[in-house]
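What follows is a single structure, written as structure tokens, with notes after it.
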Amino acid sequence: MARVAIVTGGSRGIGEAICVALRDAGMTVAANYAGNEERAREFTARTGIPAYKWDVADFDACQEGAAKVAADLGPVDVLVNNAGITRDTTLLKMTYQMWKEVMDTNLGGCFNMAKAVFPGMRERGWGRIVNIGSINGQAGQYGQVNYAAAKSGIHGFTKALAQEGAKFGVTVNAIAPGYIDTDMVAAVPADVLAKIVAKIPVGRLGGAHEIARGVAFLCSEDGGFITGSTMSINGGQHMY
Ligand code: CAA
């Protein structure tokens, strides 16, 4: 039986590349998305991968969404917590709402989704959870106290849950992408982005597929001895 995977924020950007990589590795994949129905329809038409709409910041919606995927495709073996948003600005200008949205989606989403699928993985004695962190959670970033805190939290969450899953065959790892060629990075002002790219030793933005390859490896059968780790894929921008 093919493994069943849920990828949150799976209908575009890094999430889409992860869905495709897991499908190409032989898994049955469900992409979760939050709101952009047109992009989700295009994604399914392009890839043949079904897309399910729910908000990862909503605990009950995660329970219902994961149950729907399991009813349609089978018990969930693999979870990739990829959904993330930015609300960048300096602390002086950041509202409580901007803080809360980012914390609830980027970090709260990992908790909500793990609560939905980790118990089943543990009972069945096999599971893979990969959480998408960020170089900015490792190094910090001007204008991102919310995002950096949430992504840094993901790295702690990963190491703690890895300890709880280890003896049940459930691995929990993180990938910390650097600046990847996606809509999220394209939203950074061009002059600011040019300065950031100038500091990447490899000399370019990363490709979404370069993150997806790492996720697929961590989710493979051969990944069973890797848990609680963070794979940094950032072109050498931050060596951690
Ligand atoms: N270090 C030190 N000072 C900085 C700085 C930095 N990195 N960036 C800006 N400043 C300074 C400016 O020089 C300026 O100083 P003066 O007032 O003395 O001239 C001051 O801070 C204010 O800067 P701005 O006028 O640019 O302030 P702003 O409010 O218009 O914009 C910002 C601030 C929104 C943070 C903008 O600089 C920005 O978008 N930065 C990029 C943030 C970023 O990298 N986001 C990543 C998004 S992608 C992502 O998150 C994916 C991932 O995981 C990697």
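The values are calculated or read from the model by the stated rules, or taken from the named source; none is laboratory data. Remember, predicted model here, so these are calculated numbers, not experimental data. We place every Cβ from the backbone using ideal geometry, glycine too, and count neighbours over all the protein chains shown. Surface areas here come from the heavy atoms of the whole protein model, side chains and all, with no ligands, DNA or RNA. Shrake-Rupley method; radii C 1.70, N 1.55, O 1.52, S 1.80 Å.
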Among the listed pairs LYS100/LYS167; LYS53/LYS151; LYS68/LYS93; LYS53/LYS195; LYS115/LYS195, those beyond 31 Å (Cα-Cα): LYS100/LYS167; LYS68/LYS93; LYS53/LYS195; LYS115/LYS195
Place a point 7 Å from the Cα of PHE225 in the direction of its beta carbon; the residues of the stretch 148-172 whose amide N falls under 15 Å from it are none
Residue ranges of DSSP H helices in the chain that stretch 24 Å or more (Cα, own long axis) and have mean Kyte-Doolittle hydropathy of at least -1.0 are 108-124, 145-165
At 1.4 Å probe size, what's the solvent-accessible area of LEU22? Round to the nearest 10 Å². 0 Å²
Rounded to the nearest 500, the 222 nm mean residue ellipticity computed for the chain from DSSP H runs (n ≥ 4, each -39500 (n - 2.57)) alone is -14500 deg cm²/dmol
Once you've got the GNM for the chain with C-alpha springs shorter than 10 Å, pick whichever of GLY228, GLY137, GLY74 has the biggest mean-square fluctuation. GLY74
Where in the stretch 143-185 does the label zone of LEU91 land, with the point 7 angstrom along Cα→C-beta and an amide N cut-off under 18 Å? 143-153
Decide, for the stretch 12-169, between rounded, prolate and oblate: order the square roots of the alpha carbon gyration tensor eigenvalues as a ≥ b ≥ c, take rounded if a/c falls under 1.5, and otherwise choose prolate if a/b is larger than b/c, else oblate. oblate
Which of rounded, prolate, oblate describes the stretch 128-240, given a ≥ b ≥ c as roots of the alpha-carbon gyration tensor eigenvalues and a/c under 1.5 marking rounded, otherwise prolate only if a/b is larger than b/c? prolate
What does the accessible area of LEU218 come to, in Å² to the nearest 10, when a probe of 1.4 Å is used? 0 Å²
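Determine the order of GLU210, GLU64 by accessible area, beginning with the largest, at a probe radius of 1.4 Å.
GLU64, GLU210
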With charges only on Cβ, +1 for K and R and -1 for D and E, what is the dipole size of the stretch 121-240 about its Cα centre, in debye, rounded to 20? 200 debye
Can you bin the stretch 148-192 into rounded, prolate or oblate? Criterion: square roots of the alpha carbon gyration tensor eigenvalues sorted a ≥ b ≥ c, rounded for a/c under 1.5, prolate for a/b above b/c, oblate for the rest. prolate
Neighbours of TYR33 by Cβ distance under 14 Å: Lys/Arg at +1, Asp/Glu at -1, summed charge -1
At 1.4 Å probe size, what's the solvent-accessible area of ASP55? Round to the nearest 10 Å². 70 Å²
